[in-house]
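Here the structure is laid out as structure tokens; the discussion comes afterwards.
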Ligand SMILES: [Zn+2]
Ligand SMILES: [Zn+2]
């Protein structure tokens, strides 16, 4: 919260800074996402025509994440407090390497992110997310799940949790550059499972992964 207050003060002195930045991501659109006090300010950069995907990820952060119990969010407490006040999130439908997302270690950020950092005088982090790949990602066997195949509400819920899991995974890399991948991966997999469990049981009234197999 102190981080954000500091940023706001700074912004008051440079009102045009985002306008300047927005022109730097040529051929792309941007949105500023203020998803809650516990989260950094996100600057989404997405291809023209991908506003719907950007909006869905925004509501995953501002509604879905905020709506999860403190218990499910707790493992990321120490990550969130260590993040820079602003994180640029570069959205692509897919990555050529097939990854769901990356963090951009210090020194490898886009030029736009580096200039923003210079203009704001505070650290800016950067990650990327491949939203179509995340939509197709199926990290857990869904056998025994209460929701019927092809249920659109369920597919949306799963996308939102998956996108949060990937985003938090990459944010943890930003916050703790030296943490080993298996540790970070195990935390994001656990987050996916517990968030799915919580939301599916709220939405469908059944415990995720704990229903009986369908009768023949
Ligand atoms: Zn990759
Ligand atoms: Zn990783």
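The values are calculated or read from the model by the stated rules, or taken from the named source; none is laboratory data. Just so it is clear, the model here is predicted, and its values are computed rather than measured. FYI the Cβ positions are ideal-geometry reconstructions off the backbone, even for glycines, and counts take in every protein chain you see.
Whenever a residue of the range 169-184 is within 14 Å of residue 40 (Cα to Cα), its partners that are assigned to a helix (DSSP H, G or I), lying with C-beta atoms within less than 6 angstrom and at least six residues away or across chains, give the pairs 171/79; 172/79; 172/184; 175/79; 175/82.
Given the criterion at pLDDT below 95, part of a helix (DSSP H, G or I) and on the phi < 0 side of the Ramachandran plot, identify the matching residue among 21, 61. Reasoning before the result, please.
Details: 61 fails: at pLDDT below 95.
After ruling out the rest, the residue left standing is 21.
Check the range 26-44 and report whether any residue there is in contact with a strand residue (DSSP E or B) (Cβ under 6 Å, 6 or more places away or on another chain), touching a residue at least 12 places away in the same chain (Cβ under 8 Å), under 18 Å from residue 172 (Cβ atoms) and within 16 Å of ligand 1 (Cβ to nearest atom). The answer is no; no qualifying residue exists.
The set of residues from the range 103-133 being in contact (Cβ under 8 Å) with a residue 60 or more places away in the chain and within 11 Å of the chain's Cα centre (by Cα) comprises 129, 131. Tallying residues that are part of a helix (DSSP H, G or I) and more than 16 Å from ligand 1 (Cβ to nearest atom) within the range 161-200 yields 25.
Condition (residue is within 16 Å of ligand 1 (Cβ to nearest atom), in contact (Cβ under 8 Å) with a residue 60 or more places away in the chain and assigned to a strand (DSSP E or B)) applied to the range 87-96: is it met by at least one residue?
Within the range 87-96, the subset within 16 Å of ligand 1 (Cβ to nearest atom) is 89-96.
Add one more test, that the residue is in contact (Cβ under 8 Å) with a residue 60 or more places away in the chain, and what stays is 89.
Those still in the list that are assigned to a strand (DSSP E or B) too: 89.
Looking for residues that are within 16 Å of ligand 1 (Cβ to nearest atom), in contact (Cβ under 8 Å) with a residue 60 or more places away in the chain and assigned to a strand (DSSP E or B), one finds at least one in the range 87-96, hence yes.
Quick one: is residue 199 within 16 Å of ligand 2 (Cβ to nearest atom), surrounded by 20 or more Cβ atoms within 10 Å (Cβ to Cβ) and modelled with pLDDT of 85 or more? Considered against the rule, which asks whether it is within 16 Å of ligand 2 (Cβ to nearest atom), surrounded by 20 or more Cβ atoms within 10 Å (Cβ to Cβ) and modelled with pLDDT of 85 or more, residue 199 comes out as no.
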